[in-house]
Structure formats: C-alpha cells, structure tokens
Amino acid sequence: MPLSSGMQVPLLDLKPQYQSLKAEILPRLEALFESQDLVLGETVGRFERTVCGFTGAAHAIGMSSGTDAILAVLMALEIGPDDAVLTTPYTFFATSGCIARVGAEPVFVDIDPDTANLCASRLADFVKTRCTRSAEGVLRAPSGRRIKAVMPVHLYGLCCELDDVAQVARENGLPLIEDAAQALGSVYPGREGALHHAGAYGEFGCYSFYPTKNLGGFGDGGMVVCRDAAMAAKLRAIRNHGMEDRYYHKIVGGNFRLDGIQAAVLEIKLRHLDAWSAARRANAAIYREILDGIATLPSEPYAARTADPRHHIFNQFVIRTPHRDALMEHLRSREIGCAIYYPLPLHRQDCFAALGYQEGDFPVAEQWARESLALPIFPELGEHRVRHAAETIAAFRAE
Ligand SMILES: Cc1ncc(COP(=O)(O)O)c(C=O)c1O
C-alpha cells in the first residue's frame, strides 16, 4: 500500500514545458505543415546553423537520433571489423552498441569514481600497459584489433575531463568522438581558461534530442557536430544513403535524416535551454542542502575552475548509497519517482559476453551500477516538490 503524503513527484513530466511553449510551437508547426518542409530542408538547415552558433562548432549535421549520430560518425571514420574504439563501460547502451554495429570492438576502460565519466588516467595507463604499438605506429588493443578512436561520454550532463582524455587521444593519433547525448548546453572549462561546449571540443560530438534530454524534441532526433568540412560533407552523404548527387552512391550510408518537425520545435526550445539548465541547478542546490552527508551527491569538479554555472547541467541528478534498492522502494512507495541509470555495466551485458569481460574487471563502474539512483530534477519541478523528495530521502535514513 502506498504511504502517500498526497504529493506525487514524478521523475520526469514533459507536459508543463509543452504548455509553456505551446503558443510559440503550434503556429510554427502550422507554418511548417503549410510549407511541407518535412525532412532535412531549410528548417533543418537553419537549426543546424543555430546549433553551430550556440556551441561554437564549425559544422552541424542533423540526424535521426543520437544513436544514428554516433553510428554515422563511426561509418564516416570507416571503422569496421578489424578495429576497436576505447570507451566507457558505464553509459547508455548506444555508445558501445554503435561500435559493435559497425563490427568493431568496444574496449572498455573504467570510470572516474567521482564523476562516472571515462577516467583519463586509467585510459592513459591502459594504452601504455595493455595496448601494443607496431613499428609503423599502429596501436592495437589486447585483442589485436587496431584502435581507431576514443569515445568518452559526458554522463548526466557533466563533461568528462576533456583536456586529459583529448591528450591521450592526441598522443596516439586518435580522433576524439564525444558522446554528448546527455550534455548539450553544458560547458567544459579547459585548464588553459577557454570554455568549450560539450560536443564541440573533439573532432566529433554527438547529441540526442530524445524527449527526456535537456533539449528534447517531439520524437527522436540527433545531431553530429564536427570540425572538418570534408567530414561534414561525408556525414551529410552518410545520413542520406551515401548520396551527394541524387541516386548516385559513392559510399554506403543509411536513412539518418532529421525531420522538419523536430528541427522547428528544437529551434524554439534551444532559446530556453540555458534557463532550463539554471532551473535544474536550482533544484540540485536544494538536494545538496538537504542531503549533505546522507548520500553521495553528484560531484562538480569544474566549479572552482569557472564562474559559468553550466559546468554541470544535470540531465540526471544521481546520488549514490549502499542502501540504494531499499531507498528506491521507500521512494516508490511514497510516489516519488526515481530510476537506476544504469543497473548493469556494458561489459556485463549478454550481448557482449564474447568480449570475455568478467565481473570485477571494472570495479568502479560496477559500484556505480549497484549504488546509483537518479532523482527528479526536471526544470519545472519547483522548490516544493524537490524539498519533499529530498526530505523523504532524509527520512529514510532516519528510519
Ligand atoms: C549517453 C547516450 N548516448 C547515446 C544515446 C542515444 O541517443 P538516442 O536515444 O537519441 O538514440 C543516449 C540517449 O538515450 C545517451 O544517453
């Protein structure tokens, strides 16, 4: 029986955001329908230019999802069955799923205990001690496959330590593919003082506009940003069956096209993204005030390096506690939404059994999988409901 106080706190509710933008969005969609600019086209082109302006990226290519954005980048780099990509075992499946889909091997390196992002020092150490380099300079994974890229993830809206991860990539001549699916709108303060938008630091960045993301569309959507004009042209071809001239295919691509409805909605929503990130941070501050000392709270490693509040944009607010499962039960019985991102690290997934990883290979990722719990953090939540959620957690400890 639910022990309800009468106040429900959903993990996520997208309706208030829609209500607040309805007067802007509906006429825009009506104009789009009148113009029938439905797939790619001017609406998508304008949104791509807007994302370039927002992030500072040189090129932006709209894609049908964040997954397809990652897949298209791997295809553009011609990564295939003889190859491997260095990445994190603790993320949404798409990151390594795409590596496997092009036939390559995801090679996992454990995460940073504080942030859950790919750990740069473990990455450097792995390359130095576990990989081999041929006389021609080819870097090989322990399996013998050629390492072709490094793909960190900016988990929960916090960039990984990009300067350090990029240094490992650079030293080994590898392109850096940022999986920024959860992080559009967050910034990384480089140690040299420059501020970088998530996704716009490396050679490639991939965004997801899945509705639960900080910038979410009315369905699936994604984007690649990249530095190089020739790569951008190749990605544009890949998203449309490898065509540059209609019905002439120099390379094999897919249907990874973004539609006009998503682009029109996302362009309107992008104007509000920074304000939504600020609202998420305000919610996070309430959790911090009430839960200090009660659970392990998300770390903000760049707070001392920048005054820009977007150094963490809290796509998720994830706490950790050894009593996670009991806490989850406690919250659910009191109608407070929560979720586990992610319960099983990728090296332990059945589909990757052939890679030969064992329990214990990535103890930090495994511990996060056992202890993490995401709490409601969406911008429209409001102080009252955040306080209620936080106090319910605090009460659990007292029981
Ligand atoms: C880290 C990460 N990578 C990739 C994706 C894939 O994005 P999409 O759901 O738009 O395909 C997601 C989104 O769920 C994600 O969180």
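Per-structure values
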read-out: Given (1) among the β-branched types (Val, Ile, Thr); (2) away from the ligand (no atom under 16 Å from the Cβ); (3) under 15 Å from Ala69 (Cβ atoms), index of the condition Val252 fails; value: (3)
read-out: Met151 vs. criteria hydrophobic (A, V, I, L, M, F, W, C) and more than 16 Å from the ligand (Cβ to nearest atom); value: no
read-out: 2 or more residues more than 16 Å from the ligand (Cβ to nearest atom) and either under 18 Å from Arg348 (Cα atoms) or in the same structural domain as Gln182 (by TED's automatic domain parsing) (or both): qualifying helices (runs of 4 or more DSSP H) within segment 50-138; value: 120-130
read-out: Close pairs from segment 373-399: first closer than 28 Å to Gln19 by Cβ, partner modelled with pLDDT under 95, Cβ under 6 Å, at least 6 apart; value: His388/Met7
read-out: Test: residue in segment 134-148 that is under 29 Å from Asp220 (Cβ atoms) and within 20 Å of the chain's Cα centre (by Cα); value: no
read-out: Residue within segment 217-229 that is in a helix (DSSP H, G or I), surrounded by fewer than 22 Cβ atoms within 10 Å (Cβ to Cβ), more than 12 Å from the ligand (Cβ to nearest atom) and not basic (Lys, Arg) present; value: yes
read-out: Among (1) touching a helix residue (DSSP H, G or I) at 6+ places or on another chain (Cβ under 8 Å); (2) touching a residue at least 40 places away in the same chain (Cβ under 8 Å), the one test that Thr212 misses; value: (1)
read-out: Residues (closer than 18 Å to Ala58 by Cβ and either assigned to a helix (DSSP H, G or I) or within 12 Å of the ligand (Cβ to nearest atom) (or both)) located in segment 171-214; value: Ile177, Glu178, Ala180, Leu184, Ala198, Gly199, Gly205, Cys206, Tyr207
read-out: Residue within segment 39-55 that is in contact with a strand residue (DSSP E or B) (Cβ under 6 Å, 6 or more places away or on another chain), more than 27 Å from Gly157 (Cα to Cα) and not hydroxyl-bearing (Ser, Thr, Tyr) present; value: yes
read-out: Residues being assigned to a loop (DSSP other than H, G, I, E, B) and modelled with pLDDT of 95 or more - total across segment 1-15; value: 6
read-out: Pairs, first at positive phi in segment 87-104, second at pLDDT 95 or above and away from the ligand (no atom under 12 Å from the Cβ), C-beta under 7 Å, six or more apart; value: Gly103/Gly80; Gly103/Pro81
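The values are calculated or read from the model by the stated rules, or taken from the named source; none is laboratory data. Keep in mind that this is a model prediction, so the values were computed, not measured. Glycine gets a Cβ as well: all are built from the backbone with ideal geometry, and neighbour counts include every protein chain shown.
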